[in-house]
2 protein chains.
Amino acid sequence: MVNSIEEKILNKIDDTGELFNGVHNIRSNGESISRNTSNSISIKNKEDKSGINVVIQPNTKNRSVHVPVIISNENITDTVYNTFDVGEYADISIVAGCGIHNCSAQKTEHIGIHEIFIHKGAKAKYIEKHYAESTGKSQKAFHTKTVIDVEEDGILEMELVQIKGVDDSKKDMEVNLHKNAYLIITERIFTESDQEANSNLTINLIGEDASAQIISRTVAKDKSKQKFYFMLNGKNKSRGHIECDSIIMGNAEVTSIPALSASCEDAQLIHEAAIGKIASDQLMKLMSLGLTEEEAQETILQGFLK
Amino acid sequence: MVNSIEEKILNKIDDTGELFNGVHNIRSNGESISRNTSNSISIKNKEDKSGINVVIQPNTKNRSVHVPVIISNENITDTVYNTFDVGEYADISIVAGCGIHNCSAQKTEHIGIHEIFIHKGAKAKYIEKHYAESTGKSQKAFHTKTVIDVEEDGILEMELVQIKGVDDSKKDMEVNLHKNAYLIITERIFTESDQEANSNLTINLIGEDASAQIISRTVAKDKSKQKFYFMLNGKNKSRGHIECDSIIMGNAEVTSIPALSASCEDAQLIHEAAIGKIASDQLMKLMSLGLTEEEAQETILQGFLK
């Protein structure tokens, strides 16, 4: 059912033990190759386009759903439309990894268009890992567009990780937070060689007492380029905090634009951003313990992105 | 030479004692109405357009030059082109206030296009205060465009203040910092009623060891709108720090976008921004000392903008 390349990729973007035993849909090269549902979580193909509707019943607690996407055919653009509907007072994890394996000189592209609805009082953890690998010289691209609505008292925790090998990533995300809704995003991005990563995130603090926290950590090596645009809109009594830290190495370029906009006197918005290189005293310390410069760098970067 | 309205306005935007006794050029309604120069500081009209060239000789120390602009005619757009050339190793203050007095229902506009050259090793303090007043309902607008070049080892300290009464202000500024040049900008902006303030600042850290610090504090009351876009470009081993704090009151809107861009691994860039309302514990404290709420607010705002 799952071949060795697929299994290898799944291991990079998900916990395969949990994946195969739990509710899941595995999409490989545009087709669903394995699906498992339960009474409380249904997964159905969309009728009008490629993709799935994942519906989590109200009050479903401590369950997870895995929806990995794998692309191993060269020269394919796989566009998928996924909708996640998390019912009232549910408490759920969604693992939406995406991996590309490409051995040719062609271009492989994943376009993911997601909608996420967190209904009243529900809590969801959304984990998205992007990974790509190739033996030859090929272009591996990820474009995602995500629209999220968190209803009253809802909680969404997002973990967005771009591990390695992604040549070109564009992420557009818009989140609407209603009354007393809470969002926390932790983002980790690593780029090297000629890779480019773009991230565009808009968070609308619409409801009273909505709050959002964004923690972004990135490393840009070699000639890679990263560009981040985060917008926090305080439209009501609300709180928002953005924190961006980037390590820049070699001839890399990082542009970080975290914008704040308040149209309510009870909105409290804060952001902090820093771009700099690896602290030389940390390097020295590790090197004095016997690590080579490369090993010391690697250790520091791993700690930073953890 | 200077009428009573002009004198009143000059008092708001400059130190008139220092102004009249020192090197100066007073521009009122598009004409130079008083000028005083010295051996080390020349002021000459531009030949091709309205405005002046201010040339400070190398090594001129502890001198100041005042170039206030006053507009008291209604329905006028006064466009002025000023160039400041600060010679090598000079140490100088430039006071470039601008005031509008308008008693009609017309629009009065000041457009200032400035070039500032800080030559090698020179140090300049540049103070720009914008103020407007009217008895009737009128539109008072300030648009400024400033291009600044700070050569090796140069230091530029800027104090940019928009005191009161300005209905519409647009500020565009670009600063190029060369080897070991240092820039510090402190900005204070106050808006109320329907006023709008836009500030666009780009700082290019071009030379090795260039450094820049921007401290912006603003208060937006009533239905006023403020928008800030600060860009710090680290193109070399350099340091930059942006700090923006805004107090929002009533139905005001503040958008703060301090962007960082690093294309050198030895660039160290940091920014911090916060938007929020007056701390209620500070208000309480002052009110418990016998101040009314309005008085307490006023006291806190004055402290914040000082």
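List of remarks:
- Taken over region B:180-194, the criterion of being closer than 24 Å to B:Ala274 by Cβ, open to solvent by less than 10 Å² (accessible area, probe 1.4 Å) and more than 12 Å from the chain's Cα centre (by Cα) is satisfied by B:Leu183, B:Thr191.
- Members of region A:89-106 found to be touching a Lys or Arg at 6+ places or on another chain (Cβ under 8 Å), in a loop (DSSP other than H, G, I, E, B) and under 25 Å from A:Asp167 (Cα atoms), listed by number: A:Gly97, A:Asn102, A:Ala105
- Checklist (1) at the interface with chain B (Cβ under 7 Å from one of its Cβ atoms); (2) open to solvent by 40 Å² or more (accessible area, probe 1.4 Å) applied to A:Glu294, failing item: (1)
- Screening A:Ser238 on (1) more than 10 Å from chain B (Cβ to nearest Cβ); (2) in contact (Cβ under 8 Å) with a residue 24 or more places away in the chain; (3) open to solvent by 50 Å² or more (accessible area, probe 1.4 Å) shows it passes everything except condition (3).
- Of all residues making up region B:275-291, the number that are open to solvent by less than 20 Å² (accessible area, probe 1.4 Å) and facing another protein chain (nearest Cβ under 8 Å): 2
- Output for region B:214-228, where each listed residue is surrounded by fewer than 24 Cβ atoms within 10 Å (Cβ to Cβ), in a strand (DSSP E or B) and over 15 Å from the mean Cα position of the chain (by Cα): B:Lys225, B:Lys227
- Test: residue in region B:73-92 that is within 16 Å of B:Ser32 (Cβ to Cβ), open to solvent by less than 30 Å² (accessible area, probe 1.4 Å) and among the charged types (D, E, K, R): yes
- Summed over region B:18-41, the residues that are of a type outside the set (Lys, Arg) and open to solvent by less than 40 Å² (accessible area, probe 1.4 Å) give a count of 12.
- Selected residue (only one of B:Leu232, B:Leu201, B:Leu205, B:Leu286 is at pLDDT below 90 and farther than 25 Å from A:Ser211 by Cβ): B:Leu286
- Residue under evaluation A:Leu177, criteria (1) out of contact with any helix residue (DSSP H, G or I) (no Cβ under 7 Å at 6 or more places or on another chain); (2) open to solvent by 10 Å² or more (accessible area, probe 1.4 Å), criterion not met: (2)
- Unmet criterion (only one of (1) open to solvent by less than 10 Å² (accessible area, probe 1.4 Å); (2) closer than 28 Å to B:His130 by Cα) for B:Ala262: (2)
- Checking B:Ile76, B:Ile100 one by one, the residue that is touching a Phe, Trp or Tyr at 6+ places or on another chain (Cβ under 8 Å), touching a residue at least 12 places away in the same chain (Cβ under 8 Å) and more than 16 Å from B:His24 (Cα to Cα) is B:Ile100 and no other.
- Some residue of region A:170-188 being without any contact (Cβ under 8 Å) to a residue 40 or more places away in the chain, of a type in the set (A, V, I, L, M), within 30 Å of A:Gln106 (Cα to Cα) and facing chain B (nearest Cβ under 9 Å): no
- Look at region B:259-274: where a residue is more than 7 Å from chain A (Cβ to nearest Cβ) and a partner is of a type in the set (Asp, Glu) and open to solvent by 30 Å² or more (accessible area, probe 1.4 Å), sitting 6+ places away or on another chain with Cβ atoms under 9 Å, you get B:Cys264/A:Glu253.
- Total residues in region A:112-140, condition open to solvent by 40 Å² or more (accessible area, probe 1.4 Å) and either part of a strand (DSSP E or B) or of a type in the set (Val, Ile, Thr) (or both): 8
- Selection over region A:257-281 of residues that are under 13 Å from B:Gln268 (Cα atoms), more than 23 Å from the chain's Cα centre (by Cα) and either in a strand (DSSP E or B) or modelled with pLDDT of 95 or more (or both) gives a count of 1.
- Close pairs from region A:277-306: first over 20 Å from A:Ile163 (Cβ atoms), partner among the hydroxyl-bearing types (Ser, Thr, Tyr) and open to solvent by 50 Å² or more (accessible area, probe 1.4 Å), Cβ under 8 Å, at least 6 apart: A:Leu286/A:Thr299; A:Leu291/A:Thr299
- Boolean, B:Glu243 is within 7 Å of chain A (Cβ to nearest Cβ) and not aliphatic (A, V, I, L, M): no
- Residue satisfying all of: in region B:247-256; part of a strand (DSSP E or B) and open to solvent by 10 Å² or more (accessible area, probe 1.4 Å); farthest from the other protein chains (Cβ to nearest Cβ) among these: B:Ile247
The values are calculated or read from the model by the stated rules, or taken from the named source; none is laboratory data. Keep in mind the model is a prediction, meaning the values are calculated, not measured. Virtual Cβ from ideal backbone geometry, glycine too; neighbours counted across all protein chains shown. Side chains are part of the model used for accessible areas, which takes the heavy atoms of the whole protein and leaves out ligands, DNA and RNA. Shrake-Rupley method; radii C 1.70, N 1.55, O 1.52, S 1.80 Å.
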